[in-house]
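To keep things clear, I will list the structure first and then write my remarks on it.
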Protein chains: 2
Amino acid sequence: MLKNDLLLRALLRQPVERTPVWMMRQAGRYLPEYRATRARAGSFLKLCMTPELACEVTLQPLARYPLDAAILFSDILTIPHALGLGLQFETGEGPRIERPVRSRSDVAKLGVPDPNTELRYVMDAVRLIRRELNGRVPLIGFAGSPWTVGTYIVEGGSSREFSNIKAMMYEEPATLHSLLELLVESTRLYLNAQIAAGAQAVMIFDTWGGVLTPAQYREFSLQPMERIVADLRRENEGRRVPVILFTKNGGAWLNTMARSGCDALGVDWTTDLADARRAVQDSVALQGNLDPNCLYASPQTIRTEVARVLASYGRGHGHVFNLGHGIHPAVDPEHAGAMIAAVHELSPPYHKD
Amino acid sequence: MLKNDLLLRALLRQPVERTPVWMMRQAGRYLPEYRATRARAGSFLKLCMTPELACEVTLQPLARYPLDAAILFSDILTIPHALGLGLQFETGEGPRIERPVRSRSDVAKLGVPDPNTELRYVMDAVRLIRRELNGRVPLIGFAGSPWTVGTYIVEGGSSREFSNIKAMMYEEPATLHSLLELLVESTRLYLNAQIAAGAQAVMIFDTWGGVLTPAQYREFSLQPMERIVADLRRENEGRRVPVILFTKNGGAWLNTMARSGCDALGVDWTTDLADARRAVQDSVALQGNLDPNCLYASPQTIRTEVARVLASYGRGHGHVFNLGHGIHPAVDPEHAGAMIAAVHELSPPYHKD
């Protein structure tokens with residue numbers, strides 16, 4: 001029994017009494033209780049890979065705030081880790097992949113990971129979180145998009161210019177396509193396993209689709225996501241499992257993304273929700289889009305900006321309130337609380353007939 | 001006498017026989033001759049501040065390639081340097097500003113620099129370059145946008161999240177406006193002095209306008225640029241001095257930018273020129289927009305991609321070929337040559353009646 005299904009209804013554009021709210025990276029460094037668990041775990045990867053600890057940090061923000069969803073604590077790089085590419089998280093440096101994939105023969109060596117064995121720690125975490133949530137709010141599962149995960153795999157970590165993967169795209173598009181194909185298949189199995197384990201909605205994070213030209217975006221980022229969406233198990237426990245796509249800096253492509261078969265699109269803060277809604281013509285729900293930097297402002301200013309985002313989406317259903325990107329580590333937790341309270345307080349009028 | 005005025009004509013949407021071409025950062029680290037001069041100078045700042053050396057590197061790419069413009073070798077942070085904020089360029093780290101501006105009283109201490117004394121080294125470089133160019137191609141002067149320069153001044157250097165300037169924007173907008181006002185006035189004087197010294201076109205680089213919401217962009221980035229444009233000397237030596245605005249990741253705002261009073265807009269590679277042209281309805285010229293990473297591909301692939309960019313703009317005047325952002329330091333100079341040759345070879349049909 002799901003006691004609060006506001007998120008699921010909003011993602012399916014069904015009527016709700018108020019706008020549901022959650023935050024990308026809501027289980028994260030801005031919370032002292034997260035930092036304590038992280039310190040106990042010893043490393044970020046250990047935290048991801050220990051179901052009890054992943055469950056603990058997933059639930060921490062729900063103990064503080066009246067949020068309408070939990071999101072699995074994990075990382076978009078679990079698949080490269082399962083591929084045996086040597087994933088490391090170095091403090092202050094971001095992720096590093098020891099054996100980047102650069103050639104056709106590198107790709108040929110990779111095999112699709114079995115999510116129920118090689119990524120079992122994720123499924124165990126999903127099951128444990130569901131048990132601990134006990135129907136309080138729905139649990140969102142997630143994965144990185146093939147393009148985004150591919151950038152880390154080819155570049156060997158974070159990148160500013162994406163020179164290696166773009167050189168591959170221009171000179172050896174077949175190699176890149178076979179890598180993306182492997183990631184499509186891996187991600188499809190991975191998300192379906194999360195759904196089978198209990199994820200009630202899933203989100204695909206395409207953090208780096210926005211560095212492509214429009215034609216490249218369609219070919220190398222959107223199409224792989226579409227192929228995943230087409231093969232996802234969309235119903236579980238008698239309920240539809242909504243799928244959310246989010247391409248950062250993808251504001252110009254919302255219209256195309258809306259035809260991907262997803263139920264909802266994430267929108268970053270550089271696009272007005274009113275424009276986004278016009279672009280998708282209410283064919284999908286929208287999730288977003290307060291500027292994460294707004295949480296450095298005072299609670300009063302945060303309230304004003306929340307009001308602005310709600311007004312930008314306007315009347316009617318199909319809006320899930322969120323930040324336009326992950327919450328920053330230096331934010332005061334009370335400010336996050338002010339944002340959530342403002343959504344509770346200010347959103348009901350937008351849902352009255 | 002200007003022997004090659006293709007750039008100036010294209011920027012004013014006048015007829016040309018072929019599409020003019022230049023590259024952002026064409027005087028830069030990808031050229032071994034640049035690296036040699038840079039080593040002789042001792043530091044990047046010294047290179048900017050020594051007119052003879054700035055002139056030397058400005059002319060280097062013209063000796064290699066049949067480019068249609070020279071662009072002053074300088075930096076967008078000359079104004080913060082003249083403001084006495086303690087600018088340093090640390091190897092591999094990017095710029096650092098020792099005394100960032102964070103409060104109303106910090107702003108109150110700043111005075112508008114006199115371009116003809118405090119930035120005289122720039123004007124001397126402009127005069128020297130004009131003399132050495134001897135009418136071969138026009139010289140482009142430039143400055144950073146007030147918002148973009150402001151991000152460095154407030155953050156104290158490069159930033160990923162822009163937390164300090166955004167906190168100021170949300171909590172003390174009047175302080176940010178007074179800083180931007182000072183930068184508007186400084187930049188207006190600075191660009192007019194470059195024009196008086198001989199710059200035949202000017203470009204305003206708004207590298208970080210794309211991190212703002214649409215409303216913030218209009219208020220904090222576009223309006224300051226508009227106020228500069230309105231006060232620029234638009235005619236010199238009997239010729240119109242075209243003004244180019246370039247907001248990276250500003251594809252969604254081209255239509256608004258086109259009404260700023262500028263003559264041309266830079267377009268990064270994430271927007272198709274066909275869409276950009278529709279957005280501005282041919283009211284301004286467009287400059288761009290090959291993905292800089294394309295230059296890692298083979299000359300044959302580069303030629304194909306140049307053809308694609310030319311076709312995307314289509315028939316008619318008002319296109320200046322360029323990269324969508326600065327050329328990367330690791331590019332093979334022969335590949336830049338292949339791009340330029342392809343523009344020479346493939347563009348004439350687009351200009352036939």
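By DSSP, the beta bridges lying fully in the range A:6-351 are antiparallel in about 25 percent of cases. Of the trypsin sites (Lys or Arg not before Pro) found in the range B:242-279, those in coil by DSSP whose Cβ has at most 14 other Cβ atoms within 10 Å are B:Arg259. The ellipsoid equivalent to the alpha-carbon distribution of the range A:159-249 has semi-axes of 28, 14, 10 angstrom, derived from the gyration tensor eigenvalues as √(5λ) and listed largest first. A Gaussian network model of chain A, with springs between Cα atoms under 10 Å, assigns the largest mean-square fluctuation among A:Pro66, A:Pro329, A:Pro299 to A:Pro329.
Shown is the FRET efficiency for A:Glu235 and B:Gln300, computed with R0 = 60 Å from the Cβ-Cβ distance and rounded to the nearest 0.05: 0.75. What would the Debye equation give as log₁₀ I(q)/I(0) for the range B:213-353 at q = 0.13, 0.14, 0.16 Å⁻¹, counting only Cα atoms as equal point scatterers? For the range B:213-353, the Cα-only Debye profile gives -0.62, -0.71, -0.89.
Taking 22 Å as R0, compute the FRET efficiency from the Cβ-Cβ separation of A:Phe44 and A:Arg99 and round it to 0.05. Please list the in-between numbers first.
Details: r = 19 Å, r/R0 = 0.89.
Step by step, r from the Cβ atoms, then E = 0.70.
Sites listed here are GluC sites (Glu not before Pro) in the range A:63-101 whose DSSP assignment is loop and whose Cβ has at most 11 other Cβ atoms within 10 Å: A:Glu93, A:Glu98.
As a test, work out the antiparallel percent of DSSP beta bridges whose residues both lie in the protein assembly as shown, rounded to the nearest 5.
Working: 14 of 61 bridges.
Roughly 25 percent of the beta bridges in the protein assembly as shown run antiparallel, per DSSP.
In this label model, A:Arg218 and A:Gln281 are separated by 1.7 nm, measuring between points 7 Å along each Cα→Cβ vector.
For the range A:6-351, the pair-distance distribution built from all alpha carbon pairs, in bins 20 Å wide starting at 0, is 32, 61, 7 percent.
Show that you can apply the helix-only estimate: for the protein assembly as shown, add -39,500 (n - 2.57) for every DSSP H stretch of four or more residues, divide by all residues, and state [θ] at 222 nm to the nearest 500. Walk me through the numbers before you get to the answer.
Numbers: 30 runs with 306 residues, N = 706.
It lands at -13000 deg cm²/dmol.
Among the trypsin sites (Lys or Arg not before Pro) in the range B:145-226, those placed in a DSSP loop whose Cβ has at most 11 other Cβ atoms within 10 Å are B:Arg160.
Two tests apply to each whole DSSP H helix in chain B, Cα reach of 27 Å or more along its axis and mean Kyte-Doolittle hydropathy of at least -1.0, and the ones passing both are B:173-197.
Within a Cβ distance under 15 Å of A:Ala39, other residues only, what is the Lys/Arg minus Asp/Glu net charge? List each step's numbers first, then the result.
Details: positive: A:Arg29, A:Arg35, A:Arg38, A:Arg40, A:Lys46; negative: A:Glu33, A:Glu56.
That sum, taken over residues with Cβ under 15 Å, equals +3.
Amide hydrogen proximity for A:Asn249: with H placed 1.01 Å from N in the peptide plane, the residues at 5 or more positions away or on another chain lying under 5 Å are A:Asp268.
Work out how much length B:Arg259 to B:Asp106 would gain on full extension: take 0.36 nm times their residue separation and subtract the Cα-Cα distance, in nm to one decimal.
Details: separation 153, 0.36 × 153 = 55.08 nm, distance 3.34 nm.
Here the answer is 51.7 nm.
Counting charges near A:Ala197 (Lys, Arg +1; Asp, Glu -1) among other residues having Cβ under 13 Å from its Cβ returns a value of +3. Each 10 Å bin, from zero up to the one with the longest distance, holds this percent of the alpha carbon pairs of the protein assembly as shown: 3, 14, 24, 25, 19, 11, 3, 0, 0.
Using the Cβ atoms and a cut-off under 9 Å, what net charge is assigned to the surroundings of A:His325, where Lys and Arg are +1 and Asp and Glu are -1? Please report the intermediate quantities before stating the final value.
Numbers: positive: A:Arg25, A:Lys248; negative: A:Asp268, A:Asp291.
Charge balance near A:His325 sits at 0.
Using 21 Å as the Cα-Cα cut-off, could you pick out the over-long pairs in A:Lys166/A:Lys248; A:Lys166/B:Lys248; A:Lys46/A:Lys166? Walk me through the numbers on the way to the answer.
Working: A:Lys166/A:Lys248 18 Å; A:Lys166/B:Lys248 19 Å; A:Lys46/A:Lys166 32 Å.
Where the Cα-Cα span goes over 21 Å, the pairs concerned are A:Lys46/A:Lys166.
Compute the projected area of the convex hull of the Cα atoms of the range B:294-337, averaged over all viewing directions, and report it in nm² to one decimal place.
Details: hull surface 13.3 nm².
Result: a mean projected hull area of 3.3 nm².
In this simple spin-label approximation, B:Ser178 and A:Ala311 carry label points 7 Å from Cα along the Cα→Cβ vector, and these lie 2.8 nm apart. For chain B, averaging the sequence separation of C-alpha pairs within contact (under 8 Å, six or more residues apart) and dividing by the residue count gives a relative contact order of 22 percent. Each residue, A:Glu17 and A:Ala196, gets one label point 7 Å from its Cα in the Cβ direction; the gap between the two is 3.7 nm.
Values quoted throughout were computed directly from the atomic coordinates according to the rules given, and no laboratory measurement underlies them. These numbers were taken from a predicted model, which means no experiment stands behind them. Positions of Cβ are backbone-derived with ideal geometry, glycine not excepted, and every protein chain shown enters the neighbour counts.
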